Amino acid sequence: MTNIFEQIQVEGHEQVLICSDPASGLRALIAIHNTTLGPALGGCRMWPYDSFDDALSDVLRLSRAMSYKAAVSDLPLGGGKSVIWGDADKEKTPALLEAFARQVESLAGRYIVAEDVGITVDDIETMRCITPHVAGHALAHGGSGDPSPATAHGVFSGMRACLEEVYGDASFKGKRVAIQGLGKVGSALAKLLHEAGATLYVSDMDPERVAHAIRDYGADPIHGHEVYRVDCDVFSPCALGGIINERSIESLSCKIIAGAANNQLKTLGVADELTNRNILYAPDYVLNAGGLINIAQELKGYGQEQAYEKISKIYDRMKGVFILAKKESISTAAAAERLAELRLYAKSTDV
Ligand code: NAD
């Protein structure tokens with residue numbers, strides 16, 4: 001097993017809790033990256049990892065990303081994330097979720113749990129019976145519900161800033177957008193783009209989702225990796241991470257990359273190559289923060305109108321990233337990191 005302390009110290013994590021409950025079979029990790037700006041908020045992912053090391057790497061990477069997303073979005077929140085090691089389809093039981101919620105409760109509000117892959121709004125409701133330190137619970141119970149429509153709204157707002165940067169005009173009329181992934185976010189985004197007058201190219205492994213977009217939005221279907229080659233204005237990754245890499249970059253024929261997927265760049269170096277190729281990259285955690293902003297609003301008493309007004313500011317935030325990138329002659333990804341770190345670490349040296 002890896003030296004856990006070494007791994008935790010590299011990215012500056014504050015705390016990692018290893019959770020076990022033999023009665024329910026719970027094996028979980030909760031990582032708190034940084035609480036300088038507020039309590040660490042982040043989803044719980046249930047996934048059948050191959051090993052403890054894989055689960056640990058994932059929770060460390062994801063919790064750090066949450067600190068950066070909250071910081072760049074000006075939220076009074078820190079970054080955290082949790083993973084339950086197991087197959088959500090076979091091993092998720094009320095007893096396991098309750099045991100996990102007891103672990104969250106033991107942190108007394110330093111970590112606030114929300115949904116992620118394998119954990120639904122209903123599961124959050126189950127946890128809420130044990131601990132108040134949950135977010136993203138059902139709309140019917142005063143929560144903010146599924147964050148995906150809010151995420152799509154934020155991606156749409158940030159994409160407008162990208163169009164303005166490249167074409168001097170934020171209008172989608174006549175613009176061609178290729179969407180990879182028509183899941184909860186991608187399908188909501190497709191609707192917004194269609195209504196705004198964009199021409200859509202879509203790709204998903206699920207033929208029904210593609211058929212839906214063809215029928216409702218007149219979209220053109222694209223198969224598999226061909227989505228990277230589509231001659232378009234915007235390529236919008238809304239499925240997987242790591243897809244912008246040395247190989248895919250050779251195929252790209254877009255002017256802008258702006259999508260919801262987390263960790264789109266395989267490495268930070270890829271961002272420089274995009275700049276060299278004159279492709280404008282919208283940093284993922286700036287663009288896809290709508291869901292987090294929506295959930296954060298819940299902590300003050302949820303109101304959709306206020307939440308969406310804040311989410312629309314992703315447009316201005318994206319412009320701020322472009323200004324800094326140009327001023328410092330750095331990539332947009334590096335500019336976003338600087339803006340986040342300024343807020344995160346300037347604040348921690350204040351005290
Ligand atoms: P989802 O699981 O609902 O949808 C993902 C879609 O991608 C599915 O339809 C799947 O079939 C498709 N897909 C998977 N592999 C593909 C491939 N190789 N080519 C084409 N399509 C493929 O997920 P989601 O909630 O819509 O999230 C999409 C992305 O955005 C994820 O990376 C997620 O981490 C990120 N994200 C989501 C939110 C949110 O609010 N849901 C917030 C921030 C970031």
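The values are calculated or read from the model by the stated rules, or taken from the named source; none is laboratory data. Computed from a predicted model, the values in this text were never measured in an experiment. Cβ coordinates were reconstructed from backbone atoms using ideal geometry, including for glycine residues, and neighbour counts include every protein chain displayed.
Being within 24 Å of the chain's Cα centre (by Cα) and surrounded by fewer than 16 Cβ atoms within 10 Å (Cβ to Cβ) is the filter; apply it to segment 211-225 and report the residue that is nearest to the ligand (Cβ to nearest atom).
Within segment 211-225, the match that is nearest to the ligand (Cβ to nearest atom) is Gly224.
Looking at Glu208, Glu246, which one is more than 25 Å from Ala289 (Cα to Cα) and either buried (at least 21 other Cβ atoms within 10 Å of the Cβ) or modelled with pLDDT of 95 or more (or both)?
Glu208
Tally up the residues in segment 171-206 that are part of a helix (DSSP H, G or I) and either within 10 Å of the ligand (Cβ to nearest atom) or under 13 Å from Phe235 (Cα atoms) (or both), please.
8
Could you check Asp54 against (1) surrounded by fewer than 18 Cβ atoms within 10 Å (Cβ to Cβ); (2) of a type outside the set (A, V, I, L, M); (3) assigned by TED's automatic domain parsing to the domain that holds Gln9; (4) within 19 Å of the chain's Cα centre (by Cα) and say which number it fails?
Here Asp54 meets the rest and fails (4).
Quick one: which residue in Leu274, Leu268 is surrounded by fewer than 24 Cβ atoms within 10 Å (Cβ to Cβ), at pLDDT 95 or above and out of contact with any Gly (no Cβ under 6 Å at 6 or more places or on another chain)?
Leu274 is the lone residue from the list that is surrounded by fewer than 24 Cβ atoms within 10 Å (Cβ to Cβ), at pLDDT 95 or above and out of contact with any Gly (no Cβ under 6 Å at 6 or more places or on another chain).
Can you give me the number of residues within segment 207-220 that are charged (D, E, K, R) and closer than 18 Å to Val234 by Cα?
Total meeting the criteria: 1.
Would you confirm whether or not segment 247-260 contains a residue that is more than 16 Å from the ligand (Cβ to nearest atom), touching a residue at least 12 places away in the same chain (Cβ under 8 Å) and touching a Pro at 6+ places or on another chain (Cβ under 9 Å)?
no
If I filter segment 1-42 down to residues being part of a strand (DSSP E or B) and not aliphatic (A, V, I, L, M), which single residue comes out as nearest to Ser106 (Cα to Cα)?
Applying the filter and picking the extreme gives Cys19.
One line per residue, one yes/no per condition, for (1) buried (at least 24 other Cβ atoms within 10 Å of the Cβ); (2) more than 20 Å from the chain's Cα centre (by Cα):
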position: Pro76; (1), (2): no, no
position: Lys92; (1), (2): no, yes
position: Ile112; (1), (2): yes, no
position: Asp116; (1), (2): no, no
position: Glu125; (1), (2): no, yes
position: Ala135; (1), (2): yes, no
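I'm checking my understanding of the structure. Among residues of segment 1-34 that are without any contact (Cβ under 8 Å) to a residue 12 or more places away in the chain and under 23 Å from Ile112 (Cα atoms), which one is farthest from the chain's Cα centre (by Cα)?
It comes out as Ser20.
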